[in-house]
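The structure under discussion appears below in the form of structure tokens.
The values are calculated or read from the model by the stated rules, or taken from the named source; none is laboratory data. Small disclaimer: the values here were computed from a predicted structure and weren't measured. A quick note on method: Cβ atoms are made from the backbone with ideal geometry, for glycine too, and the neighbour counts reach across all protein chains shown. Just so you know, the surface numbers come from the protein's heavy atoms only, side chains and all, with ligands and any DNA or RNA stripped out. Shrake-Rupley method; radii C 1.70, N 1.55, O 1.52, S 1.80 Å.
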Amino acid sequence: MNMGDNMKKEQAIKIITSCAKEYHNNLENNNNLFIFGPQQKTDYFEAAFLPKNFLHLTGVELVPSSFSGSSDFYNKCLKGQLSPHDFSFAPNGTTDMKLMILPQLMKIHKSAKMIGDYNFSKSLLYTEKLAGNISACLGFVRDDKYYIPNTALKEDMRDITMKPQQRILAIYKKPISEM
């Protein structure tokens, strides 16, 4: 590893740890209810944000010997204990794109303007619903009775969702413990 890679990892650590704190403050252990569509025929979906979901949003790949799982990674991020030796960047280049837009997605309850169903336009991406705007979006997959975040995308969501996308009317959140 050359010095340039190390500096890049140090930048990534700053973004990841800052976003972990934002995830903790804004999303962790909350259930968000996204209400969308025309006012005459509104629809909704619920998303649960758990500590184990944070890793998928960063795009980094863990060094297995450093962590016992995705929740362990998240806790290390919150404690400021993440090291450049703990992870690697995805070989396909998606880590940089995810980290670029991750800070705005940690406030998805404020930044999301649209909802859409994924149109399967990208060969290696699996997600079902997207919430976001013209510069970034979170992808969600169904997990039991709620959706969970499974990806962060630096995309205009109008390009990767089925038409017509629906305008978000409101986003409500409550602690998961109040289910």
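When the helices (runs of 4 or more DSSP H) confined to segment 68-113 are screened for residues that are more than 17 Å from T17 (Cα to Cα) and either in contact (Cβ under 8 Å) with a residue 40 or more places away in the chain or within 16 Å of the chain's Cα centre (by Cα) (or both), those reaching at least 1 such residues are found at 94-105, 108-111. Entry remark, segment 22-41: residues being under 14 Å from N53 (Cα atoms) and loosely packed, with under 15 Cβ neighbours inside 10 Å number 1 in total. Scanning segment 42-64 for residues that are closer than 30 Å to P84 by Cα, in contact (Cβ under 8 Å) with a residue 40 or more places away in the chain and open to solvent by 20 Å² or more (accessible area, probe 1.4 Å) returns L50, H56. Candidates are the residues of segment 133-179 that are small (G, A, S) and part of a strand (DSSP E or B); the one that is surrounded by the most Cβ atoms within 10 Å (Cβ to Cβ) is A152.
Which of (1) assigned to a strand (DSSP E or B); (2) open to solvent by 30 Å² or more (accessible area, probe 1.4 Å) does L124 not meet, given it meets every other one? Of the numbered conditions (1) assigned to a strand (DSSP E or B); (2) open to solvent by 30 Å² or more (accessible area, probe 1.4 Å), the odd one out for L124 is (1).
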